[in-house]
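Inspection log for the structure reproduced underneath, given as structure tokens.
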Amino acid sequence: MSKEAVLELFQTMEKDSDLRERLTAIEDVAEVARIAESELGLNVTAEELTSAVASIENREGASPEGELNEEELESVAGGVFVIKVKRRGGRGW
């Protein structure tokens, strides 16, 4: 899994509102992955994006008393950017 590429995509989306609006409007996560590769040179898969969004959503629902593991601490170093994606049939990308 290319966590670095997923993180770079989310960071780029945080900085570029036009890209963020474009990508979050797309319902097909495979299309988002294709654009990330063709326009940004990031090698990410639809599965990696789906997993990353699910991980973020799980963290948002976690109890405040819960502790972060080392990987989670590294992923939020310097702040965290959470994107909201369209949901279709109860599933997002």
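Any read-out appearing in this document is the output of simple, stated calculations on the displayed coordinates, not a laboratory observation. Since we're looking at a predicted model, the values are computed, not measured. FYI the Cβ positions are ideal-geometry reconstructions off the backbone, even for glycines, and counts take in every protein chain you see.
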Cβ-derived FRET efficiency at R0 22 Å, Leu40 paired with Glu14, nearest 0.05: 0.95
task: Taking 7 Å along the Cα-to-C-beta vector as the label spot, tell me the Asp28-Glu47 distance in nanometres, rounded to one decimal.
output: 2.0
message: Per residue of region 15-29, what does 6.51 cos²θ - 1.76 cosθ + 1.60 with θ = phi - 60° give for ³J(HN,Hα)? Whole Hz please, x for Gly and Pro, Karplus curve as stated.
response: 7, 10, 5, 5, 4, 4, 4, 4, 6, 6, 7, 7, 8, 8, 5
